[in-house]
Amino acid sequence: MRRAVCPGSFDPITNGHLDIIARASRLYDTVYVAVMINQSKQGLFTIEERIALIEEVTGELGNVRVESFHGLLVDFCKQREIPAIVKGLRAVSDFDYELQMAQMNIGLTGVETLFVPTNPAYSFLSSSLVKEVAQWGGDISHLVPSPVLHALKPKLRQR
């Protein structure tokens, strides 16, 4: 069985993330979406909320599993016998950082990293940018899946 992981904080998941996950799901039998727990960073959505949103928007794919993790991604991979990490690249600046991570990961455990160029429609997109635009009342309906849009509005009102 061919397995891969798409890691990230997904706070919240965007259409750019979803595009990479969907493309990976066509290439692998099982794709794990690994939602990173960062103890030092307070997210807008809880880990449980992020997982629920990702499960909702990836449900139709059928071969996607969503789990949280903390620590090293390669340990997550080793525990689940996942040989490949799939990462989307938006720009050259992403590549500089991700290449270093990929080289470290293969050196630590032999886990390969596959880079997928982002759909040009999402090349500028990030969760941080989505939250900022939404906070100022901008239209983000074309940037996030509908369940995320509906969950985001009350979260931003609470701030």
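The values are calculated or read from the model by the stated rules, or taken from the named source; none is laboratory data. Quantities reported herein were computed from a predicted structural model and do not represent experimental measurements. All Cβ positions, even for glycine, are placed from backbone atoms using ideal geometry, and neighbour counts span all protein chains on display.
Quick notes
- Number of positions in the range 13-50 that are under 15 Å from SER127 (Cβ atoms) and part of a helix (DSSP H, G or I): 10
- Residue count for the range 80-98, restricted to those that are in contact with a strand residue (DSSP E or B) (Cβ under 9 Å, 6 or more places away or on another chain) and within 19 Å of MET36 (Cβ to Cβ): 11
- Unique match (being closer than 19 Å to ALA4 by Cβ, at pLDDT 95 or above and not in a helix (DSSP H, G or I)) among VAL144, VAL86: VAL86
- Pairs linking a residue in the range 142-159 that is over 24 Å from ASN119 (Cα atoms) to a residue that is surrounded by 15 or more Cβ atoms within 10 Å (Cβ to Cβ) and of a type in the set (Phe, Trp, Tyr), with Cβ atoms under 7 Å and 6 or more positions apart or on different chains, are LYS155/PHE45.
- The range 16-41 residues that are of a type in the set (Asp, Glu), paired with ones that are exposed (fewer than 14 other Cβ atoms within 10 Å of the Cβ) (beta carbon under 6 Å, 6 or more apart): ASP29/MET1; ASP29/ARG2
- Filtering the range 105-131 to residues that are more than 16 Å from the chain's Cα centre (by Cα) and surrounded by 13 or more Cβ atoms within 10 Å (Cβ to Cβ) leaves ASN105, ILE106, LEU108, THR109, VAL111, GLU112.
- The range 42-71 - residue that is free of Cβ contacts under 8 Å to residues at least 24 places away in the same chain and of a type outside the set (Gly, Ala, Ser) and, of those, farthest from PRO7 (Cα to Cα): GLU60
- Unique residue being touching a helix residue (DSSP H, G or I) at 6+ places or on another chain (Cβ under 9 Å) and surrounded by fewer than 15 Cβ atoms within 10 Å (Cβ to Cβ) when the list is LYS153, LYS87: LYS153
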